[in-house]
Amino acid sequence: MNSRERFLACNRFQSVDNVPYVEIAFWPQTLERWYNEGMPQDVDSYLMLNGNEFFGFERWEYIPLNVAGMVPAFKYEVLEDDERTLLFRGTDGIIHRALKDGVSMDQYISFPVTDRASFLEMKERYNPHSPIRYPRWWSDMVRCYKGRDYPLALTGIGGFGFYSMLRRWMGTENACTVFYDDPVLAEEMLDFLVMFFMEVTRRALQDVDVDWFNYFEDFAFKTSPLVSPVIFKKFLLPRYRQINDYLRKHGVEIISIDSDGNIEVLLPLISESGINHICPVERAAGMDPVKIRKEYGKAFAILGGIDKRTLIKGKKEIEEELYSQVPYLLETGGYIPTIDHSIPPDVSYENFLYYLELKKKLLEGRYGI
């Protein structure tokens, strides 16, 4: 089987020669540590599901559509400048306060959308027919995608999502409260996003056979989601259905949702929306891939679910983590094991290589060897 056949069969809960061998990402500081611990500096270090010859990861690709960015972006503008901090409006339209030494995250002072008037201004930056939303030399890329042997996603990780777009425009707090404070505006923004997404992606779906799409949402905290099931059902569910029906009419079979945190309470509604794949299943937030599989069966294919914290510890803990769940999930199908988020710099290069060695044995069915 080639990578594309393997990806599709695995996520359809069909038999495969071996489960796809991929990883998600690591922190930049992790890479620096690994260089110091012996990782060659002249190899491709990009792990984010796009393949890596050095580590042997399979090639997956993403159509580089601009489905989330502002066109044009805001003009960068310094508003205040003192000895320690800088107050500025970024290209995202957010007013930031940042320490000049850069040792902490920026403080967000205000966001570009606060009411309907500012939303209407924001819409001007989201013309779905702007040519810059497609990559340069699109026709050449279409030719390259024909006859490919690797899976292709409609857009990249970290792209479009309903809640994530509201958060980008309004900030986390207002993206949570707008459903209560101004439900009419919430509906208007979400309906615009449905239209915008369909218009942006229509050409790509007509020109290319796309295998999957991933909603980037990140709408949960460690213990629970940031939107309640009631809000999800009223505001998000019907819009997910609209887009998911549209995607399936264009042959996109695997529809995924990407969220950190604990989204367990939303899983029945997520399944009802037509989403059939979840990632990264963050163990630190209490998400349990074995429990999900037992409760939901083949409703969800799963990517992720390996607790990144165990790689910080040692070989014994890595073995316990993998053997406690991976064999069962592989046997039930529809599972691609990866770390449940970016690999932190606490993880040694030696532990990462041991994790990969053991995981590869499991993927090839050599349990216990």
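Quick check on segment 40-61. Is at least one of its residues free of Cβ contacts under 8 Å to residues at least 24 places away in the same chain and at positive phi? Within segment 40-61 (the criterion being free of Cβ contacts under 8 Å to residues at least 24 places away in the same chain and at positive phi), the answer is no, since none of the residues qualifies. Note on segment 304-333: residues that are crowded, with 22+ Cβ neighbours inside 10 Å, in contact with a Pro (Cβ under 7 Å, 6 or more places away or on another chain) and under 21 Å from Gly365 (Cβ atoms) total 4. Only one entry of Ile336, Ile263 meets the criterion of being in contact (Cβ under 8 Å) with a residue 60 or more places away in the chain and surrounded by 23 or more Cβ atoms within 10 Å (Cβ to Cβ), and that entry is Ile336.
Phe160 satisfies every condition listed in (1) over 24 Å from the mean Cα position of the chain (by Cα); (2) in a loop (DSSP other than H, G, I, E, B) except (1). The listed residues are Val71, Val19, and the only one of them that is of a type in the set (Val, Ile, Thr) and surrounded by fewer than 16 Cβ atoms within 10 Å (Cβ to Cβ) turns out to be Val71. The condition (being surrounded by fewer than 22 Cβ atoms within 10 Å (Cβ to Cβ), touching a residue at least 40 places away in the same chain (Cβ under 8 Å), assigned to a loop (DSSP other than H, G, I, E, B) and touching a Ser or Thr at 6+ places or on another chain (Cβ under 6 Å)) is satisfied by just one residue among Asp209, Asp218: Asp218. Taking the conditions (1) under 16 Å from the mean Cα position of the chain (by Cα); (2) farther than 30 Å from Ile343 by Cα; (3) of a type in the set (Ser, Thr, Tyr) in turn, Tyr246 satisfies each one other than (1).
Restricting attention to segment 278-289, does a residue exist that is in contact with a helix residue (DSSP H, G or I) (Cβ under 7 Å, 6 or more places away or on another chain), surrounded by fewer than 21 Cβ atoms within 10 Å (Cβ to Cβ) and either farther than 24 Å from Ile231 by Cβ or in the same structural domain as Phe196 (by TED's automatic domain parsing) (or both)? Among the residues of segment 278-289, not one is in contact with a helix residue (DSSP H, G or I) (Cβ under 7 Å, 6 or more places away or on another chain), surrounded by fewer than 21 Cβ atoms within 10 Å (Cβ to Cβ) and either farther than 24 Å from Ile231 by Cβ or in the same structural domain as Phe196 (by TED's automatic domain parsing) (or both), which makes the answer no.
The values are calculated or read from the model by the stated rules, or taken from the named source; none is laboratory data. No experiment lies behind these values; they were computed from the predicted model shown. Here Cβ is always computed from backbone atoms with ideal geometry, including for glycine, and neighbour counts include all displayed protein chains.
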